[in-house]
Ligand code: UT7
C-alpha cells in the first residue's frame, strides 16, 4: 500500500501587522469586541507588490527544505487559493515557473476556506494511485485585497499568508483519509458577488452552519478510520473564529492544549490557515512524527472537508 506522507511543511506571513488597536483608529470597532467575538488580536497584510504566488513560493521553499527535496523532483503542484495573482494562468503555474520546475501538472483549486483540504485531497489521490511521487500542496491568500476596509462586520476578520506541504509517496502512513463536501445551496451567505470587489457574509448563519458541519465531518473522518476521539493527538482546524474552533474541540472531547490555534495572530487566512497552523506547530516542536492529526475546514460554497494524517 502506498501512502502520501507529509515530508515537510513551510509557511510565510507578510511583514506588515495590523492590530485590533490599529483598526480602532479607522472604524467603529474595539479591540475588546474583536477579541471576545473572534479571538483575533492581529492580522498580517500583504505589501502592495506582494501576491499569492510570492507568499506561496516562500512557503513552498521552506517545505522543500524541510523535506530535503529538490524542486526539480516535484511532479505535481496544487494550490488552494481564492485570491490568485491573475484570472489565469493559475497561481500554481506561476509558482512552478519560479521554482524552475517544468512539465509537472500545476493547477489551482478554488474551495475558499476549504481550499487547502480540497488541494490535499486531490494531491493525495494522485500520489496513492501512482500519478505523482512528490507533490507540493500550497494554500496562499491575499484576502486583504477582497476585504472592504470600511465594513467592520468583515474587515476585522481576515488576513494574508501562505502555508505549504511536500507530500511524498511512502510505504509508511501518511494521509489516512481525506473527505470533501459542498452544498451550493448556501452560496449567497458568503460570497464576492459578480461585478463586486469585496467579501459579503451573513456571519451569524455561517457561524451556526460551521459549528454543526465541523462536528459531522469529524465524526465521518473518525468512523471511516475506526479511530476514537481519544486517539487524536492534535486538531489542526481552519482558523476563522476561536469560538468555532473551541466548539469543534469540545465535540471531540479535546482540551485546547491539543488544538493548534493561530487565529489570534493570523486572523482568517482562508485556504492558507491550516497549512500555516500546521507548519507553526511542527516548527515549534508541538507536533511530532508519528502523531495523529485531524485537519478540518469549512468555508464559502459552502464547502467543507477534513483529513486524518499520521504525521
Ligand atoms: O472561514 C469561514 C467563513 N467565516 C466564518 O466562519 C465566520 C463565521 N462568523 C463569525 O465568526 C461571527 O458570526 C462574526 C465574528 C462574524 C460575528 O460575530 P457574532 O457574534 O455573530 O456577531 P453579530 O454579527 O451577531 O453582531 C453582533 C453585534 C451587532 O450589533 P447589534 O446589531 O447587536 O447592535 C453588530 O453590528 O456586533 C456588531 N458588530 C461589531 N461591533 C464592533 C459587528 N461587527 C463589529 C465590529 N466591531 N467589528
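The values are calculated or read from the model by the stated rules, or taken from the named source; none is laboratory data. Note that the coordinates shown come from a computational prediction; the quantities given were computed from them, not determined experimentally. Heads up, the Cβs are rebuilt from the backbone with ideal geometry, glycines too, and the neighbour counts pull from every protein chain shown.
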The number of residues in region 171-197 that are outside any loop (DSSP other than H, G, I, E, B) and surrounded by fewer than 16 Cβ atoms within 10 Å (Cβ to Cβ) is 4
Among the residues of region 237-244, are any assigned to a loop (DSSP other than H, G, I, E, B), away from the ligand (no atom under 14 Å from the Cβ) and in contact (Cβ under 8 Å) with a residue 60 or more places away in the chain? no
Note on residue 263: of the conditions (1) buried (at least 22 other Cβ atoms within 10 Å of the Cβ); (2) in contact with a strand residue (DSSP E or B) (Cβ under 7 Å, 6 or more places away or on another chain); (3) within 22 Å of residue 79 (Cα to Cα), unmet is (2)
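Matching residues to (1) modelled with pLDDT under 95; (2) over 16 Å from residue 273 (Cα atoms); (3) in contact with a helix residue (DSSP H, G or I) (Cβ under 9 Å, 6 or more places away or on another chain):
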residue	(1), (2), (3)
20	no, yes, yes
24	no, yes, yes
28	no, yes, yes
44	no, no, yes
55	no, no, yes
64	no, yes, yes
80	no, no, yes
87	no, yes, no
104	no, yes, yes
For region 158-170, pairs from a residue that is within 19 Å of residue 146 (Cβ to Cβ) to a residue that is in a strand (DSSP E or B) and modelled with pLDDT under 95, with Cβ under 8 Å and 6 or more apart or across chains, are none
Next on the checklist: Criterion first (under 26 Å from residue 108 (Cα atoms) and within 20 Å of the chain's Cα centre (by Cα)) does residue 170 satisfy it?
Outcome noted: no
Within region 95-122, residues being within 18 Å of residue 84 (Cβ to Cβ), assigned to a helix (DSSP H, G or I) and more than 12 Å from the chain's Cα centre (by Cα) number 6
Within region 133-170, restricting to residues that are touching a strand residue (DSSP E or B) at 6+ places or on another chain (Cβ under 7 Å) and not in a strand (DSSP E or B), the one that is surrounded by the fewest Cβ atoms within 10 Å (Cβ to Cβ) is 133
By residue number, the members of region 256-311 that are closer than 21 Å to residue 231 by Cβ, in a helix (DSSP H, G or I) and more than 16 Å from the ligand (Cβ to nearest atom) are 256, 257, 258, 278, 281, 282
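Against the definition (on the phi > 0 side of the Ramachandran plot and more than 11 Å from the ligand (Cβ to nearest atom)), how does residue 215 come out, yes or no?
Considered against the rule, which asks whether it is on the phi > 0 side of the Ramachandran plot and more than 11 Å from the ligand (Cβ to nearest atom), residue 215 comes out as no.
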So is residue 151 within 13 Å of the ligand (Cβ to nearest atom), in the same structural domain as residue 70 (by TED's automatic domain parsing) and modelled with pLDDT of 95 or more or not? yes
